[in-house]
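Everything on this sheet refers to the single structure shown next.
The values are calculated or read from the model by the stated rules, or taken from the named source; none is laboratory data. The structure presented is a predicted model; accordingly, all values stated were derived computationally and were not measured. All Cβ positions, glycine included, derive from the backbone under ideal geometry; neighbour counts span all protein chains shown.
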């Protein structure tokens, strides 16, 4: 192979990747825009009918907590004020080394209660079960630390009494009507087994006593970029896959599951780095193996607000973990790929994730070096290299700005002109440095997975915006 053939071949590889990934994203955008429009058209009718309905399905909320002493009481009080007719709150103290458990006992007058505990899902040893003498729908599971959020979640699910289970982060901020919105697919389609809700960035917002009072934008640039990322990932990414039953991720910060189906598939995998995605992939795989009709869907309403990393160390750890978890989850459920009866999941969603999300960082990072090298050596003219890079950046800006536009036309969470101007500016600036850096971090996560590396349950340094 001559040098000319090598350069030409490399150009075609990068061009094919570039066309494939952007065509996929653009198609998701179109599907998502149509889907959100239809959802909003029926939202008012659904809320009016639900106001007079006594058929709401009881929900168990599971809150895994590890060393959450600073915010656990505020979080629990907020969750106890959600607008839903029948739900229970199960807080799982996962062997905290601080006074998380003692604060719960003191604040809610928790007493040990000898109720039956069925260990249907794998978890570390449960030491005690507590029930509040003040609030009848509040219980606490105290267990030995299992080393992962998945282990704590399983212990909580074992203690749940209701048919639907909602797993949330201890530091998440739910809107008062979150449960009412996320339960909608279960009421409309009895084959629904899991529903994911939209997650937004809480940094810069005003949060008091665990409730969101005012939506704002963070001053920290890294958090600002993540606001745009989350808009793009949830409004287009998740919403784009949902109509074809190809949703592969339900955020661990907020998801609602049919309990018996969850138990049937084995619950969360404590060995999985990305336990949320691995669970959803396993649900797809087992439901298809059993040839059972099912739906895994997404609710686009902004229902949960969470804190985002504001420094490079925390952000890098998060992105490396996500990529590691992606590779592991796909490998554990690799039988989905090419399954003759797998439908859109096996023939569209999973192949797209393998080609463009899992191995994409290799092509992306190599592409930057390849173009710069070819231009420097004279194998590719600088104008040609500039056109290619400009086109790549331009499409990236288009995807981000279209997500912001859809947010403005649908949910309108950022009403001030200055906020929109800031978001559009960030949509441009993120393409110069930030995206390249995250691609490199994702490559590191991919290498860690390929090498069989381990990853522990980590916490991020929280911003002051979500601390009372």
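Of all the criteria given as (1) crowded, with 24+ Cβ neighbours inside 10 Å; (2) at pLDDT 95 or above; (3) in contact with a helix residue (DSSP H, G or I) (Cβ under 7 Å, 6 or more places away or on another chain), the one not satisfied by residue 257 is (3).
Within the stretch 174-187, none of the residues are in contact with a helix residue (DSSP H, G or I) (Cβ under 6 Å, 6 or more places away or on another chain) and closer than 20 Å to residue 100 by Cβ. Within the stretch 358-394, the set of residues being over 30 Å from residue 2 (Cβ atoms) and surrounded by fewer than 19 Cβ atoms within 10 Å (Cβ to Cβ) comprises 393, 394. Taking the listed residues 248, 231, 326, the one that is surrounded by 21 or more Cβ atoms within 10 Å (Cβ to Cβ), farther than 23 Å from residue 59 by Cβ, under 13 Å from the mean Cα position of the chain (by Cα) and at pLDDT below 95 is 231, with no other qualifying. Taking the stretch 264-282 as the range and being part of a helix (DSSP H, G or I) and touching a helix residue (DSSP H, G or I) at 6+ places or on another chain (Cβ under 7 Å) as the test, the residues that pass are 275, 277, 278, 281.
Determine if the stretch 258-273 includes at least one residue that is touching a strand residue (DSSP E or B) at 6+ places or on another chain (Cβ under 9 Å) and under 23 Å from residue 407 (Cβ atoms). No, because not a single residue in the stretch 258-273 is touching a strand residue (DSSP E or B) at 6+ places or on another chain (Cβ under 9 Å) and under 23 Å from residue 407 (Cβ atoms).
Tell me yes or no: at least one residue of the stretch 408-426 is touching a residue at least 12 places away in the same chain (Cβ under 8 Å), more than 21 Å from residue 202 (Cα to Cα) and assigned to a helix (DSSP H, G or I). Checked against the condition, which is being touching a residue at least 12 places away in the same chain (Cβ under 8 Å), more than 21 Å from residue 202 (Cα to Cα) and assigned to a helix (DSSP H, G or I), the stretch 408-426 yields no hits at all. Would you check if residue 338 is surrounded by fewer than 22 Cβ atoms within 10 Å (Cβ to Cβ), free of Cβ contacts under 8 Å to residues at least 24 places away in the same chain and either at positive phi or within 20 Å of the chain's Cα centre (by Cα) (or both)? Judged against the criteria, residue 338 is a match. The residues on offer are 350, 345, 397, and the sole one that is touching a residue at least 24 places away in the same chain (Cβ under 8 Å), part of a helix (DSSP H, G or I) and surrounded by fewer than 18 Cβ atoms within 10 Å (Cβ to Cβ) is 397. Of all residues in the stretch 129-143, none that is free of Cβ contacts under 8 Å to residues at least 12 places away in the same chain and at positive phi has its Cβ atom under 9 Å from the Cβ atom of a residue that is part of a strand (DSSP E or B) and crowded, with 20+ Cβ neighbours inside 10 Å, 6 or more apart or on another chain.
Residues that are under 17 Å from residue 77 (Cβ atoms) number at least 1 in the following strands (runs of 3 or more DSSP E) confined to the stretch 129-233: 138-143, 164-168, 206-208, 211-214. May I ask you to verify whether residue 369 is under 26 Å from residue 440 (Cβ atoms), out of contact with any helix residue (DSSP H, G or I) (no Cβ under 8 Å at 6 or more places or on another chain), in a helix (DSSP H, G or I) and modelled with pLDDT under 85? Yes, satisfied.
Could you tell me whether residue 327 is in a loop (DSSP other than H, G, I, E, B), in contact with a helix residue (DSSP H, G or I) (Cβ under 8 Å, 6 or more places away or on another chain) and under 17 Å from residue 282 (Cα atoms)? So residue 327 does not fit the description; no.
If you go through the stretch 430-447 and keep only what is farther than 13 Å from residue 319 by Cβ, surrounded by fewer than 16 Cβ atoms within 10 Å (Cβ to Cβ) and touching a residue at least 12 places away in the same chain (Cβ under 8 Å), you end up with just 432. In summary, residue 83 fulfils each of the numbered conditions (1) over 25 Å from the mean Cα position of the chain (by Cα); (2) surrounded by fewer than 13 Cβ atoms within 10 Å (Cβ to Cβ) with the single exception of condition (1).
Within the stretch 97-130, the set of residues being over 17 Å from residue 69 (Cα atoms), buried (at least 19 other Cβ atoms within 10 Å of the Cβ) and in contact with a strand residue (DSSP E or B) (Cβ under 9 Å, 6 or more places away or on another chain) comprises 123, 129, 130.
Going by the structure shown, is residue 308 crowded, with 20+ Cβ neighbours inside 10 Å, touching a strand residue (DSSP E or B) at 6+ places or on another chain (Cβ under 8 Å) and at negative phi? Answer is yes for this residue.
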